[in-house]
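Here's the structure, in structure tokens; my notes come after.
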Amino acid sequence: MGYIQLNYRPKETDVICEFYIEPAGIPLQKAAEHVAAESSIGTWTEVSTMSEGIRKKGAKVFFIDGKNNEVKIAYPIELFEKGNIPSILSGVAGNIFGMKVIKNIRLQDIHFPKSLVRSFNGPEFGIDGIRKMLKIRDRPLLGTIIKPKLGLPPEKHANVAFEAWLGGCDLVKDDENLTDQDFNHFKKRVLLTLKAKEKAEKITGEKKAYMPNITAETFEMLKRAEFVKSHGGNYLMVDILTLGWAALQTIRNAHFKLPLHAHRAGHAAITRNKKHGISMLTIAKIARLIGVDSLHIGTAVGKMEGPASEIIDIEEEIEKNLISNKKHTLEQKWYNLKPVFAVCSGGLYPALVPDLIKLLGKNIFIQMGGGIHGHPYGTKAGAKAARQAIDAVMQNKSLKEYSKTHKELRIALEHWKG
Ligand code: CAP
Ligand code: MG
């Protein structure tokens with residue numbers, strides 16, 4: 001039995017992958033066959049060691065759309081190790097990207113069966129857990145990234161965070177490339193910024209969160225997580241792509257009982273080319289499976305590339321109780337995996353808030369770096385302006401209207417022309 005089985009109806013227990021495949025000088029069906037073989041049990045030629053029993057375990061190409069270069073492949077669950085993302089991806093997102101018979105290939109989406117979903121922890125907190133922790137019922141959460149990205153000493157870092165919290169930010173995070181540099185050592189930054197958080201909570205009467213970036217070699221990352229936890233921290237931040245999937249599983253499976261904020265620095269190396277690589281939707285599903293609580297997904301209105309339709313799909317997938325793409329045979333719920341907060345960040349400023357909420361709803365983090373610290377009146381006013389923009393939307397008022405009685409917002413709207 002070959003790999004092409006267009007009348008095959010995938011089993012509930014199969015892993016299903018949706019690919020965009022552009023063959024290199026061979027028919028699409030032939031290319032799909034090579035992909036199915038290479039990503040499951042085969043290689044470039046028949047081998048004497050193959051048996052009928054093993055052949056039955058091969059991947060099955062059950063859908064080919066020649067017009068759109070879409071191919072769907074079902075993989076028997078036995079081909080995979082439960083609980084092991086690196087091994088799963090070494091199969092369905094491994095050698096296939098480099099095969100000569102393929103000009104371009106992109107893993108567009110992946111659907112996991114119940115037994116595989118159950119072998120991962122999923123989010124510890126999810127949307128409800130974070131809302132409960134911060135006592136924020138239904139509005140979007142407001143975050144900032146301390147800027148400049150690098151260079152501030154810990155005292156200044158903590159002070160900028162304090163100003164942002166006073167102005168109305170719920171969350172303050174380190175930037176993706178700030179970890180433990182000589183100009184700003186991790187431990188000192190965490191201690192001073194947590195102190196600033198406590199002070200801001202007392203003054204504002206609001207719960208706040210600080211997300212220190214613990215991205216580092218795995219053992220060191222665990223030590224930094226322990227340090228944050230033992231000093232009263234309430235959130236951890238990790239750069240999931242540069243860390244790697246195994247490290248993300250390590251930090252999640254260590255059960256620090258702190259929400260995990262997933263920055264996706266580097267994702268565009270594999271997600272940006274719409275013909276080759278891995279979709280952000282696939283990345284987001286894997287991150288949720290492993291168990292991040294908040295995940296950068298793009299903004300569609302800010303400075304980073306990413307079509308609105310794709311970003312809306314991702315938001316749907318990580319917020320809702322995931323159901324698979326209706327186009328293919330299996331309707332899979334994700335068996336109560338907690339929903340994940342979509343994080344919108346990148347080139348945002350107050351004038352963009354109404355469109356953002358219209359596009360992505362209220363279960364989002366709205367994060368502004370330059371859009372807060374670049375305010376003419378400074379960080380605190382910048383945070384106020386951003387919070388006022390969110391409050392205006394929550395009260396169904398236009399920003400123009402609201403800015404008549406909120407000067408920080410008015411200044412921001414003038415400074416960054418809508
Ligand atoms: C945003 C940011 C974020 C990126 C991430 C930056 O700062 O801190 O890391 O937006 O992009 O370093 O650029 P600004 P994404 O608010 O000043 O742009 O969320 O798309 O992964
Ligand atoms: Mg950043």
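Overview of results
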item	result
Boolean, E408 is away from ligand 1 (no atom under 16 Å from the Cβ), over 22 Å from L150 (Cα atoms), modelled with pLDDT of 95 or more and open to solvent by 30 Å² or more (accessible area, probe 1.4 Å)	no
Set N273, N321, N325: member being in a loop (DSSP other than H, G, I, E, B), at pLDDT below 95 and open to solvent by 50 Å² or more (accessible area, probe 1.4 Å)	N321
Of residues in segment 110-127 being within 17 Å of the chain's Cα centre (by Cα) and open to solvent by 10 Å² or more (accessible area, probe 1.4 Å), the one nearest to D14 (Cα to Cα)	F120
Any hit, segment 206-213, residues being in a helix (DSSP H, G or I) and within 16 Å of ligand 1 (Cβ to nearest atom)	no
Residue, nearest to ligand 2 (Cβ to nearest atom), within segment 340-350, restricted to residues that are outside any strand (DSSP E or B) and surrounded by 22 or more Cβ atoms within 10 Å (Cβ to Cβ)	L348
Number of the exception - K303 against (1) more than 10 Å from ligand 1 (Cβ to nearest atom); (2) open to solvent by 40 Å² or more (accessible area, probe 1.4 Å); (3) of a type in the set (K, R)	(1)
Only listed residue being within 16 Å of ligand 2 (Cβ to nearest atom) and outside the structural domain of G83 (by TED's automatic domain parsing), chosen from L241, L248, L258	L241
Residues that are open to solvent by 40 Å² or more (accessible area, probe 1.4 Å), touching a residue at least 60 places away in the same chain (Cβ under 8 Å) and more than 11 Å from ligand 2 (Cβ to nearest atom), drawn from segment 136-165	D138, E163
Test set (1) among the polar types (S, T, N, Q); (2) under 19 Å from the mean Cα position of the chain (by Cα); (3) within 16 Å of ligand 2 (Cβ to nearest atom) - T271 fails condition number	(3)
Condition check for K103: in a strand (DSSP E or B) and of a type in the set (K, R)	yes
Residue in segment 182-191 that is within 16 Å of ligand 1 (Cβ to nearest atom) and either of a type in the set (A, V, I, L, M) or closer than 14 Å to H261 by Cβ (or both) present	no
Residue check for L359: in the same structural domain as S403 (by TED's automatic domain parsing), within 12 Å of ligand 1 (Cβ to nearest atom) and not in a strand (DSSP E or B)	no
Selection within segment 166-205 - acidic (D, E), assigned to a loop (DSSP other than H, G, I, E, B) and farther than 19 Å from I372 by Cα	D180, D182
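Yes/no per residue for (1) of a type outside the set (D, E); (2) under 20 Å from P113 (Cα atoms); (3) at pLDDT 95 or above; (4) open to solvent by less than 20 Å² (accessible area, probe 1.4 Å):
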residue	(1), (2), (3), (4)
P10	yes, yes, yes, yes
D14	no, yes, yes, yes
W44	yes, no, no, no
E70	no, no, yes, no
A74	yes, yes, yes, yes
I88	yes, yes, yes, yes
V92	yes, yes, yes, yes
F97	yes, no, yes, no
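The values are calculated or read from the model by the stated rules, or taken from the named source; none is laboratory data. Keep in mind that this is a model prediction, so the values were computed, not measured. Using ideal geometry, Cβ is built from the backbone for each residue, glycine included, and neighbour counts are taken over all protein chains shown. With ligands, DNA and RNA removed, areas are computed over all heavy atoms of the protein, side chains included. Shrake-Rupley method; radii C 1.70, N 1.55, O 1.52, S 1.80 Å.
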